[in-house]
Amino acid sequence: MKPPAIPSAILNFFASQPDFPAVAGDISEEFHQRIQSSGPQATKRWYWREAVRNALALTWRELRRTPVRTTLVAFGCFLAVNLATALYLETRYWFNLPNPIEIVSNQNLIYVLILLNFTASVVMGWIGAKLLPGREWALALTYTLVTACLTLPGLWYLMFALEQDPPLRVAAAVIGGHAFRQSIFWLGCVLVRYVNIRKHSSIVSAAKSA
Amino acid sequence: MKTPRLLGGFENLLLLVILRLDDSAYGVAIRKELLDEAEKDVAIGAIYTGLDRLEQKGFVHSWSGDPTPERGGRAKKFYRVTAQGKKALQETHRAVQRLSIGLEGRLTTCLSL
């Protein structure tokens, strides 16, 4: 009997670091031992529980591995993504095109910004994850934390100090924009992680067949 | 005087378990020993996090075993306590013993509660 597919995928994702194939192997071994003693249903429940527990434990391990370097890379990625948008908007300003606040009501500009942010976020997610092999997931989480720390004070300033009108619309545009960037950045990181898992799986298969 | 490197609670347990298991200390065996002897149900990922830290400190040494089919073709990772690790374990135990002197009565009261 094979371990359930979804928790196995979760385990492979979180235990994919080059020095961590042992984690998935140990849980798989215990799964086969438990089937004999506890039966298939109880073992499947145990496997699900272990997949979630280990995902949390391995995330914590990844976050603690090189926190300073991960934060610096996340900060660099945040700057690069925001600079791309800022440079584009600045160029528009110099050419006397609508200012950033008009973005909300300017449909064409929104499409260009979406494309620009998509490209910048996915590329930076990919580059950042390549710089931190085995810590792609930690980078994605740290990026979110860095974004929240740097954006929330700015948002507060925009809404309450500048009293931008209408405040809710501006807040929704800023939060929506950052949520979009977050998800695309995560996509870039997860893609690198997925490629690494595939690479590692092919090495394991080659070793098995040998 | 050189300050001894004292181990944390979980590190201490891990080193003791590896010593007990001798050359057969790997994830599943370590987890089972922790559960049976210390009644501590720890996730495999947390065990490897602790082992990784001990390896960085030079207290344990690891090597890979052969891959098996029930492990999905993945190799076991075995651990052994180094001389440095044994020294840290001794220093920690000595410190605990010294701190426990004169507390036997109080410890008995605590344990009986």
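Computed from Cα positions, the angle between helix B:44-56 and the longest principal axis of chain B comes to roughly 80 degrees.
Other chains' Cβ within 10 Å of B:18-29 residues: what's the mean?
Working: counts 0, 0, 0, 0, 0, 0, 0, 0, 4, 7, 8, 1.
Mean inter-chain Cβ contacts per residue within 10 Å come to 2.
Just want the ordering: A:Met1, A:Met159, A:Met124, from fewest to most Cβ atoms lying within 10 Å of their own Cβ. Write out the running numbers ahead of the final one.
Details: A:Met1 9, A:Met159 16, A:Met124 25.
So the residues, fewest neighbours to most, are A:Met1, A:Met159, A:Met124.
Counting only other chain Cβ atoms within 10 Å of each residue's Cβ, the peptide A:30-40 averages 2.
Hydrodynamic analysis of the stretch A:5-63 uses the Kirkwood radius over alpha carbon pairs. Inserted into Stokes-Einstein at 10 °C and 1.306 mPa s, it gives a translational diffusion coefficient of 137 µm²/s.
What ranking, highest mean first, results for peptides A:141-153, B:14-26, B:83-95 when packing means the other Cβ atoms within 10 Å averaged over each residue? Before the final figure, lay out each step's value.
Working: A:141-153: 16.9, B:14-26: 18.5, B:83-95: 15.4.
The densest-packed peptide leads the list: B:14-26, A:141-153, B:83-95.
Using Cα positions and a limit of under 25 Å, work out the lysines in reach of A:Lys44, with same-chain residues fewer than 8 apart set aside. Candidates past the 8-residue exclusion: A:Lys2, B:Lys32, B:Lys40, B:Lys76, B:Lys77.
Straight-line cross-link partners of B:Lys87 among the aspartates and glutamates, defined as a Cα under 19 Å from its Cα and at least 8 positions apart when in the same chain: B:Glu11, B:Asp22, B:Asp23, B:Asp52, B:Glu55.
Quick one: net charge around A:Val195, please, counting Lys, Arg +1 and Asp, Glu -1 for every other residue with C-beta under 14 Å from its C-beta. Within the 14 Å Cβ shell, the charges total +3.
Values in this text are rule-based calculations from the coordinates and carry no lab data. On a predicted model such as this, the values are computed, not experimentally measured, just so you know. Every residue, glycine among them, receives a Cβ derived from its backbone with ideal geometry; neighbour counts consider all protein chains shown.
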